[in-house]
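Engineer: My structure is below; once you've seen it, I'll send some questions.
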Amino acid sequence: MEASPDDRPADLGSVAARGTAVTVITQVGRVAIQFGSVAVLARLLVPADFGLVAMVAAVVGVAELLRDFGLSTAAVQSPTLSDDERTNLFWANAAAGLGCAVLAACAAPLVVLLYDEPRVQDITLAIAPLFLLNGLATQFRAGLARQLRFASLGLSDLVAQALSAGVTVGLAVAGAGVWALVAGMLVNSAAAGVLFAVMGGWCPGWPRRRTSIRRYFGFGAGVLGTQAIGYLTRSVDNVAIGVVSGAAPLGLYGRAYQLMTTPLANINAPMNNVVLPVLRHTQSDDELFLRYLARAQLVLLYTTGFVFAISCGLADPIVLVVFGDGWTGVAPILAVLAVAGPFRALAAVPWWAYLARGHSGALFRQRTVTGVLSVLAIFAGLPWGAVGVAWGVAAGSVLAWAVGLWHVGRVTRLDTSPLVTRVLLTLTLVALPCGLAAHTATWVPAPPLVQLVVGVGAAATYFLTARLLLPLVRSDVRVVLSFARRGLPVRRRRTGGA
């Protein structure tokens, strides 16, 4: 049996900080690999190749939610978890993964019918095994997160990403076209699963009939419902553009969307691995809970806020440098999606609070309301093409963040108003001026790479000036840097300390 919930690390703050630091370091590597591979692939493949994969992923991706069923989050969040329970959770996820793989394969003709595009049938069949691979890996990943082994998680993700990028680029060079992207997805899932299992050092036994995991399904059902709403709001834009405009326009939108979601996926998802296990140890202490939640928000705010401000201000040169001249249609879409970026990232803050306090049902109800409104906003923008859809995504993201923080405060009886105030002040005083400063570089008659360098320099200059002159910014940076320093593994371990 695992340790009791009261058996928390002696210095939880350092554990959280060290986990965040390791996460940031490994994710910087992942972002570099992703952007490098995207830049190469954009010159080897055409927009329709990316659009075909996006068409399939937008429809059959719902099976990935059914495969997990919220059981990974339930395992991480649970105060106690026996080895028999963990074994049964492993088999539950494996069975769900197999079922979803079969379901996705059977859905291939329906995907063809939806898009009136015969080429997506073989792609759907090829992608189907992903669900089984991810199902087998689910509880190995959850175990590492539960044990606060963030370095193992980060390293596994980094190595899997590198292997996937190598295979994808190699096959693209060989002329495999869209199949290079499919192969890369399969390699990434298989490699990550093997590494999680090896790093975890745990081997599941046979299912234990006398051990119930019903309580995990109860919690997971609320998480599943919430994730399904989130999936709908994240995928309806791809489906709508694919049905109305076809693979090539969806390929352009998809590249802009990837540039927005790459920072999100490489910051938010690993932050979930750090924040949820840490908050699990503070459930009974409101003050400590809010303090860690505020620090986690601050890390998200300054990392994503700066990145998306620059992305908005420098959308044109970024697209030209990363994708090349044939992808200029991506730039206006990217500029709008960058507005949504910080709010997409910060929506994780109420999500953490809901789940850490065990309110998955309330989270589902909140996400249902905001999800419906987000979908309506996306459809409202569809007559204006991909840019209009992007504005719908931005409006929905702001709404989901604001309503989420308000509602989680009511449900948990925590005062979340300081979190809202800090976000609005920081975006106004830091992110918006940084974006405007970066945009001035596009007025310089110079090559795109030079404009990019000048723009980043202008944004950094403003940020350093704000740090010197504005007490709020100075205080925020001090907290973030302190949090980062505590995370660096350079301190001498104290005798008997954690």
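Engineer: State yes or no: is residue 303 farther than 27 Å from residue 381 by Cα, hydroxyl-bearing (Ser, Thr, Tyr) and surrounded by fewer than 21 Cβ atoms within 10 Å (Cβ to Cβ)?
Structural biologist: yes
Engineer: Are any of the residues in region 141-159 in contact (Cβ under 8 Å) with a residue 24 or more places away in the chain, more than 22 Å from residue 52 (Cα to Cα) and either in contact with a strand residue (DSSP E or B) (Cβ under 7 Å, 6 or more places away or on another chain) or of a type in the set (Asp, Glu) (or both)?
Structural biologist: Looking for residues that are in contact (Cβ under 8 Å) with a residue 24 or more places away in the chain, more than 22 Å from residue 52 (Cα to Cα) and either in contact with a strand residue (DSSP E or B) (Cβ under 7 Å, 6 or more places away or on another chain) or of a type in the set (Asp, Glu) (or both), one finds at least one in region 141-159, hence yes.
Engineer: OK, next. Filter region 299-320 down to residues that are in contact with a Phe, Trp or Tyr (Cβ under 8 Å, 6 or more places away or on another chain) and within 17 Å of residue 475 (Cα to Cα), then give me how many there are.
Structural biologist: The number of residues fulfilling the criteria is 2.
Engineer: Right, another one. For region 32-80, how many residues meet the condition of being open to solvent by less than 40 Å² (accessible area, probe 1.4 Å) and part of a helix (DSSP H, G or I)?
Structural biologist: Final tally of qualifying residues: 29.
Engineer: Now, a different point. Name the single residue that is most open to solvent (accessible area, probe 1.4 Å) among those in region 380-397 being of a type outside the set (A, V, I, L, M) and free of Cβ contacts under 8 Å to residues at least 24 places away in the same chain.
Structural biologist: As a first pass, look at region 380-397 and keep what is of a type outside the set (A, V, I, L, M): 381, 383-385, 388, 391-392, 396-397.
Subsequent filtering for residues that are free of Cβ contacts under 8 Å to residues at least 24 places away in the same chain retains 381, 383-384, 388.
Details: 381: 8, 383: 105, 384: 186, 388: 8 Å².
It comes out as 384.
Engineer: Select the helices (runs of 4 or more DSSP H) contained entirely in region 413-471, then report the ones holding at least 3 residues which are out of contact with any Gly (no Cβ under 8 Å at 6 or more places or on another chain) and surrounded by fewer than 19 Cβ atoms within 10 Å (Cβ to Cβ).
Structural biologist: Per the criteria, 417-426, 448-469.
Engineer: Name the one entry in 175, 184 that is of a type outside the set (Ser, Thr, Tyr), open to solvent by 30 Å² or more (accessible area, probe 1.4 Å) and modelled with pLDDT of 90 or more.
Structural biologist: Among 175, 184, only 175 is of a type outside the set (Ser, Thr, Tyr), open to solvent by 30 Å² or more (accessible area, probe 1.4 Å) and modelled with pLDDT of 90 or more.
Engineer: Restricting to region 248-268, and then to whatever is in contact (Cβ under 8 Å) with a residue 24 or more places away in the chain and of a type in the set (A, V, I, L, M, F, W, C), can you tell me which residue is surrounded by the fewest Cβ atoms within 10 Å (Cβ to Cβ)?
Structural biologist: Once the filter is applied, the top-ranked residue is 248.
Engineer: List every residue pair whose Cβ atoms lie under 8 Å apart, where the two residues are 6 or more positions apart in sequence or sit on different chains, the first residue falls within region 235-247 and is more than 15 Å from residue 333 (Cα to Cα) and in contact (Cβ under 8 Å) with a residue 24 or more places away in the chain, and the second residue, located anywhere, is β-branched (Val, Ile, Thr) and part of a helix (DSSP H, G or I).
Structural biologist: Going by the 8 Å Cβ cut-off, the qualifying pairs are 235/59; 235/62; 236/375; 236/378; 239/59; 240/378; 240/389.
Engineer: In contact with a Phe, Trp or Tyr (Cβ under 6 Å, 6 or more places away or on another chain), open to solvent by 20 Å² or more (accessible area, probe 1.4 Å) and among the aromatic types (Phe, Trp, Tyr): is that true of residue 343 in this structure?
Structural biologist: Considered against the rule, which asks whether it is in contact with a Phe, Trp or Tyr (Cβ under 6 Å, 6 or more places away or on another chain), open to solvent by 20 Å² or more (accessible area, probe 1.4 Å) and among the aromatic types (Phe, Trp, Tyr), residue 343 comes out as yes.
Engineer: Further question on the same structure: Can you tell me which residue is farthest from residue 302 (Cα to Cα) among those in region 439-450 that are of a type outside the set (Gly, Ala, Ser) and more than 29 Å from the chain's Cα centre (by Cα)?
Structural biologist: So the residue we want is 445.
Engineer: Let me ask another. Looking only at residues in region 106-131 that are assigned to a loop (DSSP other than H, G, I, E, B) and either over 19 Å from residue 236 (Cβ atoms) or open to solvent by 90 Å² or more (accessible area, probe 1.4 Å) (or both), which one is modelled with the lowest pLDDT?
Structural biologist: Here the answer is 116.
Engineer: Taking the stated definitions as given, is residue 408 open to solvent by 20 Å² or more (accessible area, probe 1.4 Å), among the aliphatic types (A, V, I, L, M), modelled with pLDDT of 90 or more and assigned to a helix (DSSP H, G or I)? Break it down into steps so the answer makes sense when it comes.
Structural biologist: On the way: open to solvent by 20 Å² or more (accessible area, probe 1.4 Å): no; among the aliphatic types (A, V, I, L, M): yes; modelled with pLDDT of 90 or more: yes; assigned to a helix (DSSP H, G or I): yes.
When the stated conditions are applied, residue 408 does not pass them.
Engineer: Just to verify a result, which residue in region 346-369, among those that are among the β-branched types (Val, Ile, Thr) and in contact (Cβ under 8 Å) with a residue 40 or more places away in the chain, is surrounded by the fewest Cβ atoms within 10 Å (Cβ to Cβ)?
Structural biologist: That would be 368.
Engineer: Please determine whether any residue of region 274-287 is modelled with pLDDT of 80 or more and buried (at least 23 other Cβ atoms within 10 Å of the Cβ).
Structural biologist: Checking region 274-287: not a single residue is modelled with pLDDT of 80 or more and buried (at least 23 other Cβ atoms within 10 Å of the Cβ).
The values are calculated or read from the model by the stated rules, or taken from the named source; none is laboratory data. Remember, predicted model here, so these are calculated numbers, not experimental data. A quick note on method: Cβ atoms are made from the backbone with ideal geometry, for glycine too, and the neighbour counts reach across all protein chains shown. Side chains are part of the model used for accessible areas, which takes the heavy atoms of the whole protein and leaves out ligands, DNA and RNA. Shrake-Rupley method; radii C 1.70, N 1.55, O 1.52, S 1.80 Å.
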